[in-house]
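What follows is a single structure, written as structure tokens, with notes after it.
The values are calculated or read from the model by the stated rules, or taken from the named source; none is laboratory data. Keep in mind that this is a model prediction, so the values were computed, not measured. Please note: Cβ atoms are built from the backbone with ideal geometry, for glycine as well, and neighbour counts cover all protein chains shown. Keep in mind that these areas ignore ligands, DNA and RNA; they rest on the heavy atoms of the full protein, side chains included. Shrake-Rupley method; radii C 1.70, N 1.55, O 1.52, S 1.80 Å.
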Amino acid sequence: MDRRSGGSMGAMMDVSRGTWPIRIAAVAWFVGGAAFLLAVPVILQAWVFLLPAIVVLAAGLAFPLAWVWRWIRKRGGLGAAWLKTAVVLTFLISVIVAAPVYFIAFYTQFRPALAPQVTLTNGERTVVIQGMQHVATDQFYRSVVFDLEQALSQGSVLFYEGVRDADPESSRWFQTVVTDGKDLTDAYRELGDICGLQFQNDYLQVVVQDAVAHPASHIVADVSTADLKAEYDRLMASDPAFAEAMAHRKTDDASTDGVEQAIAFLKNGTAGQRELAGVVCRGVMTMVMTRANDPQAHDDLDPLILDYRSRILAERLLAERRPHSYVTYGAKHIAGTFQVMKAADRRWRVASVKWVRTIDTPQTYTRVLALS
């Protein structure tokens, strides 16, 4: 190889190395432009003037950044540097604004909130417990109603969740201590309306007619507000840890006010804003329900609202003598109920577990259910 050919190869390598920054910049511009185009629909749906506002903000921030960049490099025109920086900042701010919406939407799909349906048996009796969620999709509740009607046709006795009002005094106590002064039914319906979801009580009404015709097959297995108040008083007197937790328990009024203001704003928003709010709301609900159903998650009121009511449900299921029972109850009650039933009769075991997603089109999933 002579000197001329060697020089030519060296020149080619120098040219190749010189084109790499151009290639990288081209790829970066392409990726940034694609991300910006994905962000635009979300931004325009949130507020039609949000995109112009982002452009104005980017243009304002770009000027000092472009001036500093030109001062460092000591070459190039300020106008070109400003325009390029403004475009980059527009892309960047737009992606930052839209990214949480996309993250929440993908979270709902790939980390779905699931409700278990657990079949228990002791060899003589079978109990199916359908884990419930106060707010979920229309499809989820339709599948539950189908199972309820099928269970009724097969002679099962149905057990339902629902704290009953006993008297005005205990009902006022319940609203003050447990629900923080809110009407949960209205709150759930309003939440469902914003999220594009449904409230469970509206669907379970379909079995009311059968309950009137066959009351012995329909049992509200939950406690009353008076029962809860009595258990609360007992825990306050006998459980120092519970009493201390109640003494320091406070409601976050500021957070509650913020949520109520957001709901009020969204209810008066455009169709696009309400649709976007539904996506965000379903994602947040998925995160909240996933954490709420985590066996490791703990609330100060769990000894009263969770443990006590699970124990009562288990006692009523154990007292039932008919061979088949179908239960609709909060999913987190399943583990405590099973433990009490197994402690009373070691033959009780888990025959099967089916998981169904609650905040999107129902599908069955495989997951481990911790019951001990």
Between region 31-99 and region 161-238, the alpha-carbon center distance in angstrom: 52
Sparse-neighbour loop sites [chymotrypsin sites (Phe, Trp or Tyr not before Pro); region 29-60; at most 11 other C-beta within 10 Å; DSSP]: Phe49
Local electrostatic count at Asp167 - Lys and Arg +1, Asp and Glu -1, tallied over other residues with Cβ under 13 Å: 0
DSSP-loop GluC sites (Glu not before Pro) across region 152-208, with at most 11 other Cβ within 10 angstrom: none
Residues of region 48-170: accessible area per residue with a 1.4 Å probe, Å²: 54
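Give a quick list of trypsin sites (Lys or Arg not before Pro) in region 38-78 that DSSP marks as loop, anything other than H, G, I, E or B, with at most 11 other Cβ atoms within 10 Å.
Lys74, Arg75
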